[in-house]
Amino acid sequence: MKSKRNMIILILEVIILVIIIILYMNYKKGMVDINTLKVFKESSYYQEKYHDAYKEIKYSDNNQFLEITNQLLDKNYRPDEINNIFEYLSDNNIQKLLKMPYVSLENYYQIKNLDVNNINEYSEYRQANNLSFEDAVTEVNLHLNQDFYTDIKTIADPSSITVLVNKFNALPSDYVPTDLVNVGEYHYQMRQEAAKALEELMAYGKTENVFLIPFSTYRSYDYQKDLYNKYLSEDTLDTVDTYSARAGHSEHQTGLAADMRSSSLTDNVTDSDYEWLLNNSYKYGFIIRYPKGKSKITGYMEEPWHLRYIGQEDAKKIHELDITYDEYYDLYIAKY
Ligand SMILES: [Zn+2]
């Protein structure tokens, strides 16, 4: 009998608490709504025709809040859309939005690598390929809806350790890293930080009976050009493009890439060495840049011997996420 009474009291308490929370939230919402309208009324931006809309828009601390809100209303964005825009979009994306005709961003607001300039492409590509909204955004950002080697951009910061070099992003033809050093006793050169890390990785390998040595590291733009042309004399263009980068598009020009071979093989790694690299190279800041089954994204066939240095923190995250560097760069490094 007593426990039943206690139960009823408990339920009543919960109900009262929920009512208080709902009242408080409505009160807060009301406060914010009044604020936006009030701020508009006290400014030179107030427009009578938007009086009701202002009441539904949450105040944002964006320093161009009033100006942007009016511009979005002019473009026929609804108050709920405007609230999402201020809550989720970067300043950069908001500025892009103001230069475009109205677009619906439904389902896209919370996608972190959203680039509003691509919104129509996302929708088309998503429907054609039956993808999630997130995957459509990443793949379109990576230009996978286009042919490789089209719409090529020249990389602005080629000396960044996290530089993304692929078939859409080219290094300047005159880019030469300024801190190239030999990797240990080998006459192959890499950037200082990468060379040191590779020496450590090789030393660690030895302790686990994995004997790896470099067979190609830094390559100049001209060397890459000659190499690609040499392959072209032996194979068709389409085939060469699956295994050799065009000049400017090779990671080897960054001084951050190394092709490794088992000391027992001439230009490859054994399956067990590859397994070892997959599970250990990230500890020294390296990733397998062209993994198996990812050629649709990377544009290259599997290259188990090609390591790319990007630093320990990012390498560890990529290892955990098990995604390509192209995807990782778009999701975690690029700013939209
Ligand atoms: Zn390579």
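FYI, it's all coordinate maths here, none of it is from the lab. All of these numbers come straight from a predicted model, not from anything done at the bench. Positions of Cβ are generated from backbone atoms using ideal geometry, with glycine treated the same way; all protein chains shown enter the neighbour counts.
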*What whole number of Å gives the distance from the Cα centroid of segment 252-320 to the Cα centroid of segment 147-218?*
11 Å
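In deg cm²/dmol, rounded to 500, what helix-only [θ] at 222 nm does the chain give when every DSSP H run of at least 4 residues adds -39500 (n - 2.57) and the total is split over its residues? Working shown, then result.
Values: 14 runs with 157 residues, N = 336.
It lands at -14000 deg cm²/dmol.
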_Karplus-derived 3J(HN,Hα), 6.51/-1.76/1.60, for each residue of segment 253-266, Hz, glycine and proline x_ = 6, 6, x, 10, 10, 9, 8, 10, 10, 5, 4, 8, 10, 7
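Please work out whether segment 153-333 counts as rounded, prolate or oblate from its C-alpha gyration tensor, where a ≥ b ≥ c are the square roots of the eigenvalues and a/c under 1.5 means rounded, while otherwise a/b larger than b/c means prolate and anything else oblate? Could you put the intermediate results ahead of the total?
Values: a/c = 1.29, a/b = 1.23, b/c = 1.05.
Rounded, since a/c falls under 1.5.
Semi-axes, largest first, in whole Å: what does sqrt of 5 times each Cα gyration tensor eigenvalue give for the chain?
Values: eigenvalues 527, 156, 65 Å².
Listed largest to smallest, the semi-axes of the chain are 51, 28, 18 Å.
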*Pairs of Cα atoms under 8 Å, at least six residues apart: use those to get the relative contact order of the chain, whole percent.*
13 percent
*Label segment 245-315 by shape, choosing from rounded, prolate and oblate, from the square roots a ≥ b ≥ c of the eigenvalues of the Cα gyration tensor; if a/c is under 1.5 it is rounded, and otherwise prolate applies when a/b is larger than b/c, oblate when it is not.*
rounded
*By a straight-distance test (C-alpha under 25 Å), which lysines pair with Lys112 as possible cross-link partners, with residues fewer than eight away in the same chain excluded?*
Lys58, Lys75, Lys96, Lys99, Lys153, Lys167, Lys294, Lys296, Lys316, Lys317, Lys335
*Pairing the Cα long axis of helix 65-74 with the longest principal axis of the chain, what angle in degrees results, from 0 to 90 and rounded to the nearest 10?*
90 degrees
_Helix axis angle, 79-88 relative to the chain longest principal axis, alpha carbon, degrees_ = 40 degrees
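Highest mean first, how do 189-202, 323-336, 73-86 rank when packing is the count of other Cβ atoms within 10 Å averaged over residues? Kindly include the intermediate steps, with their values, before the conclusion.
Details: 189-202: 21.4, 323-336: 18.8, 73-86: 16.7.
Answer by packing, highest mean first, reads 189-202, 323-336, 73-86.
Please rank Thr270, Thr236, Thr138, fewest neighbouring Cβ atoms within 10 Å first, as an exposure proxy.
Numbers: Thr270 16, Thr236 8, Thr138 22.
Least crowded to most crowded, the residues run Thr236, Thr270, Thr138.
Note down the magnitude of the dipole of segment 2-90 about its Cα centre, charges +1 on Lys and Arg C-beta and -1 on Asp and Glu C-beta and zero elsewhere, to the nearest 20 debye.
Numbers: 12 positive and 12 negative charges, 144 e Å.
I would put it at about 700 debye.
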_Shape of segment 2-90, Cα gyration tensor, a/c cut at 1.5_ = prolate
*Could you pull out every residue, at least 5 positions away or on a different chain, whose amide H is within less than 5 Å of the one on Leu307? Hs are placed 1.01 Å off N in the peptide plane, and Pro or chain starts have none.*
Ala258, Asp259, Met260
*Per-residue HN-Hα couplings for segment 276-289, Karplus 6.51 cos²θ - 1.76 cosθ + 1.60 at θ = phi - 60°, whole Hz, x for Gly and Pro?*
4, 4, 4, 8, 10, 4, 4, 4, 10, x, 10, 10, 7, 6
